[in-house]
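Scroll down for the structure; my scribbles are underneath it.
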Amino acid sequence: MTETCCIKVKRQKTVIFIEAYVSDTILTIKNKICKALRNEKEPSNIRLQLESHRIPNEQYSSLDDDATIEELGLNSNTVLYMTFWISKNAGTGEWESIDIPKYEPAE
């Protein structure tokens, strides 16, 4: 039996929970995200990033589409951050920055 985990994906005020096998690739996760977003985005227009504690001066590191959950050491406690490619004109564009609002407890 293949091990599964639930990956939390955040973008702005949206949180998506993706159930995945540890053998799934990041591209597979992106395809599941596209399905959750009703195919409004293509996997190539989604970038998944992980909070970086290992790379000095880098807050987030981008994840390679071919890497598996197991290779990256991701688990059910992992939070991935999603950004979209923002197209400009003539095929140019840029990745949006990560913008997650601070949590404010209810009173």
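Odds and ends about this structure:
- Residue match in region 46-56 (condition: aliphatic (A, V, I, L, M) and surrounded by fewer than 10 Cβ atoms within 10 Å (Cβ to Cβ)): yes
- Of the residues making up region 11-30, those that are under 14 Å from residue 82 (Cβ atoms) and exposed (fewer than 15 other Cβ atoms within 10 Å of the Cβ) are 12, 13, 14, 15, 17.
- Selection over region 1-45 of residues that are of a type in the set (A, V, I, L, M, F, W, C), over 20 Å from residue 64 (Cα atoms) and not in a strand (DSSP E or B) gives a count of 3.
- Residue within region 66-82 that is part of a helix (DSSP H, G or I) and acidic (Asp, Glu) present: yes
- In region 68-90, the residue that is farthest from the chain's Cα centre (by Cα) out of those that are charged (D, E, K, R) and either surrounded by fewer than 13 Cβ atoms within 10 Å (Cβ to Cβ) or closer than 12 Å to residue 5 by Cβ (or both) is 88.
All of the numbers you see were taken from the coordinates with simple rules; none came from a lab. Predicted model, so just to flag it, every value in this text is computed and none were measured. Ideal geometry is used to build each Cβ from the backbone, glycine not excepted, and the neighbour counts take in all protein chains shown.
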